[in-house]
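The values are calculated or read from the model by the stated rules, or taken from the named source; none is laboratory data. As the structure is a prediction and not an experimental result, all values here were calculated from the model. Cβ atoms come from the backbone with ideal geometry, glycine included; neighbour counts cover every protein chain shown.
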Amino acid sequence: MAIKPFTEEELDDIYAFAVQLGKDAGKLLLEAAQARFNGSGQSSQDFSEKDSAVDIVTKTDEDVEAFIKTSIAEKYPDHAFVGEESYSKTCSSRAYLISDTTPTWCVDPLDGTVNYTHLFPMFCVSIALVLHGKPTIGVICAPYLNQLFTACRGRGAWLNETQRLPLVRSPSIPPMPENAPQSCVFSCEWGKDRKDRPDGNLCRKVESFLNMAAEVGGRGGKGGMVHGVRSLGSATMDLAYTAMGAFDIWWEGGCWEWDVAAGIVILQEAGGLITTANPPGDSRTSKIEDVKLGSRLYLAIR
């Protein structure tokens with residue numbers, strides 16, 4: 001059964017609800033962080049491990065997700081909900097998470113949990129509404145930075161509801177450098193898989209970092225000579241900053257839907273490109289595929 005199309009007025013109402021929900025959830029994150037600064041909240045040690053020592057969850061993750069889930073259920077009881085913490089508690093193996101037949105909210109209540117536990121400000125709440133498998137509304141609230149990124153398909157992307165994205169390079173937006181990735185800022189995360197083996201994700205990522213950073217002609221001709229390599233500790237924030245124009249290129253492997261759903265629509269509405277990071281058969285003739293949620297491997301360009 002197909003999803004009944006929303007009218008423009010209905011979509012506007014859902015968008016406004018999502019933006020306010022992002023603000024309210026961000027306020028909860030900020031209050032929890034401030035309580036810890038003041039010595040009245042959780043300490044940096046109050047977390048538990050999930051799949052590894054760097055894949056952790058705090059009570060704040062769970063509390064904020066519960067608040068978001070309850071708020072959505074009260075307002076839109078017919079909509080589906082997928083949240084990182086509730087999924088990780090109930091599902092032991094990966095499955096296709098997003099329904100093609102039901103409007104689905106895809107939520108990460110606290111992306112950058114390691115940052116949060118260390119009181120490093122790059123943490124946020126991420127809320128997306130997915131229709132027909134495509135992110136349609138996205139809200140990313142980074143409360144400690146006082147940054148709210150929002151987008152609804154066809155309505156543009158915004159920072160703090162007043163500044164249209166991309167911000168950094170507006171109004172005159174230069175194209176990507178002809179010699180890219182040279183002169184670009186490249187963003188990628190270390191990831192949660194830290195197994196030290198030559199064919200593992202960690203070693204492959206380190207190899208890519210070296211290739212992108214090395215001088216042109218270095219690394220057997222793979223040197224990219226980027227201006228810099230950045231890791232914010234949050235894939236969601238990486239995407240927001242690519243949409244803002246601060247990052248030129250972002251790629252990541254192992255992402256879940258809640259890591260990217262809100263960022264996808266924000267980046268696309270800012271004029272950016274996001275696709276799978278799997279190389280095409282022939283880079284000269286192959287069409288760039290549309291991004292697909294669940295692909296786990298992503299490449300974004302501002």
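Odds and ends about this structure:
Matching residues to (1) of a type outside the set (Lys, Arg); (2) touching a helix residue (DSSP H, G or I) at 6+ places or on another chain (Cβ under 8 Å):
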position: ARG194; (1), (2): no, yes
position: ARG197; (1), (2): no, yes
position: LEU202; (1), (2): yes, no
position: LEU210; (1), (2): yes, yes
position: ALA213; (1), (2): yes, no
position: VAL226; (1), (2): yes, yes
position: GLY253; (1), (2): yes, yes
position: TRP258; (1), (2): yes, yes
position: GLY294; (1), (2): yes, yes
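- Residue check, ALA213 in contact (Cβ under 8 Å) with a residue 12 or more places away in the chain, closer than 30 Å to GLY83 by Cβ, out of contact with any His (no Cβ under 9 Å at 6 or more places or on another chain) and not aromatic (Phe, Trp, Tyr): no
- Test: residue in segment 84-96 that is in contact with a Gly (Cβ under 9 Å, 6 or more places away or on another chain), modelled with pLDDT under 90, within 19 Å of GLY294 (Cβ to Cβ) and crowded, with 17+ Cβ neighbours inside 10 Å: no
- Only residues that are aliphatic (A, V, I, L, M) and modelled with pLDDT under 90 were counted in segment 1-37, giving 6.
- Comparison of PRO166, PRO181, PRO121 shows that the only residue that is touching a Leu at 6+ places or on another chain (Cβ under 7 Å), part of a loop (DSSP other than H, G, I, E, B) and buried (at least 16 other Cβ atoms within 10 Å of the Cβ) is PRO121.
Condition check ((1) in the same structural domain as PHE120 (by TED's automatic domain parsing); (2) under 21 Å from VAL114 (Cβ atoms); (3) not in a helix (DSSP H, G or I)) across all residues:
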{"site": "GLU207", "(1), (2), (3)": "no, no, no"}
{"site": "GLU215", "(1), (2), (3)": "no, no, yes"}
{"site": "GLY233", "(1), (2), (3)": "no, yes, yes"}
{"site": "THR236", "(1), (2), (3)": "no, yes, no"}
{"site": "GLU252", "(1), (2), (3)": "no, yes, yes"}
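- Checking the stated criteria, ALA180 turns out not to satisfy the condition of being closer than 26 Å to GLU84 by Cα and either of a type in the set (D, E, K, R) or in contact (Cβ under 8 Å) with a residue 12 or more places away in the chain (or both).
- Test result for GLY156, modelled with pLDDT under 95 and in the same structural domain as ALA32 (by TED's automatic domain parsing): no
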